[in-house]
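No lab work stands behind these numbers, since they all come straight from the coordinates. These figures come from a predicted structure and were not determined experimentally. Every residue, glycine among them, receives a Cβ derived from its backbone with ideal geometry; neighbour counts consider all protein chains shown.
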Amino acid sequence: MKLSRLNQEMRAFFADLYEGESKPLVLGEGQESARVALVGEAPGEQEALKGKPFVGKAGRNLDEFLRATGLDRAQLYITNVVKIRPTRVSDAGRIVNRPPTREEIELFLPWLRRELAVVKAPLVVTLGNVALKALAGRERTIGVVHGQLLSVEGMRIFPLYHPASVLYNPRLKEIYARDLAALSDFI
Ligand code: URA
């Protein structure tokens, strides 16, 4: 199956489900023949506005890190587990991001699996705990398996911390640099 067909199916399915809500779907982006598929958590505000994954602050951070591996976006396929922006209303009355719920993750996961089956990238890089647990099992945690190649149901998975967590925790920067150096060996 082609990615465009799958995307059409996904749009039809979620248009019915979120009927009447203004929840734009942010689909994956990149080459069907990509060597590496990056899987994030869910779109944020900028991603929902532009309809593309990782175009906000976390995306800029990601680009910076990717430079260290010699990979650029053109060689990648980039997507998220959940393809709508999960939001809540803050105490100040603003619409802010929230982590996706287990129900949202389970709703979108079969679509992600189909997407990865079409793209067939030899290496799947998960960004953060949500993508790691969705694809490699809930018992895994990023603090333990980051930077190690996992083999799960025939898929080669390389877990990285989420680029946003490095923004919030600068101490992770050095660890991230090491993980990226290890990643370069596998691509
Ligand atoms: N964070 C994610 O996990 N995905 C995006 O697309 C943007 C920020």
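Under 5 Å from the amide H of Val125 lie the amide H atoms of Ala37, Leu38, Val39, Phe158, each residue being 5 or more positions distant or on a separate chain, with H modelled from the backbone and absent for Pro and chain starts.
Restricting the count to DSSP beta bridges whose residues both fall in region 1-150, what percent are antiparallel, rounded to a multiple of 5?
Numbers: 5 of 14 bridges.
Bridges in region 1-150 that DSSP calls antiparallel: roughly 35 percent.
Charging the Cβ of each Asp and Glu at -1 and of each Lys and Arg at +1, and nothing else, the dipole of region 88-182 about its Cα centre rounds to 80 debye. Applying the Karplus relation 6.51 cos²θ - 1.76 cosθ + 1.60 with θ = phi - 60° to region 95-107 yields 3J(HN,Hα) values of 7, 10, 6, 9, x, x, 7, 4, 4, 5, 4, 5, 5 Hz, where x marks Gly and Pro. Of Lys83, Lys52, Lys57, the sequence from fewest to most neighbouring Cβ atoms within 10 angstrom is Lys57, Lys52, Lys83.
Hydrodynamic radius of region 28-187 by the Kirkwood approach over all distinct alpha-carbon pairs: 15.8 Å. For region 99-187, the relative contact order comes to 25 percent (Cα pairs under 8 Å, sequence separation of at least 6).
Only lysines eight or more places from Lys120 in sequence, or on another chain, were considered; those with a Cα closer than 18 Å are Lys2.
At 222 nm, what helix-only mean residue ellipticity would the chain give, in deg cm²/dmol to the nearest 500, using -39500 (n - 2.57) for each DSSP H run of four or more? It comes out at -13000 deg cm²/dmol, rounded to the nearest 500.
Mind ranking 25-32, 86-93 by how tightly packed they are, going by the mean number of other C-beta atoms within 10 angstrom, highest first?
Result, highest mean Cβ count within 10 Å first: 25-32, 86-93.
Among Asp72, Asp63, a tally of other beta-carbon atoms within 10 Å of each Cβ gives an order, fewest to most, of Asp72, Asp63. The tail of the calculated P(r) for region 87-145, taken as Cα-Cα distances beyond 16 Å, holds 56 percent of the pairs.
Using every Cα-Cα pair within region 18-65, state what percent have a distance larger than 15 Å.
Tail of P(r) above 15 Å: 50 percent of Cα pairs.
On the beta carbon distance between Asn7 and Ala92, with R0 = 35 Å, the FRET formula returns roughly 0.45. Based on C-alpha pairs under 8 angstrom that are at least 6 apart in sequence, region 1-147 has a relative contact order of 31 percent. With 25 Å as the limit, write out which pairs from Lys50/Lys173; Lys83/Lys173; Lys52/Lys133 have Cα-Cα distances beyond it, or answer none. Violating the 25 Å Cα-Cα cut-off are Lys50/Lys173; Lys83/Lys173. With the alpha-carbon atoms of region 1-119 aligned to their principal axes, the span from lowest to highest coordinate is 42, 33, 23 Å, starting with the largest.
Where the alpha-carbon atoms of region 121-187 are placed on the principal axes, they occupy 34, 26, 18 Å, in descending order.
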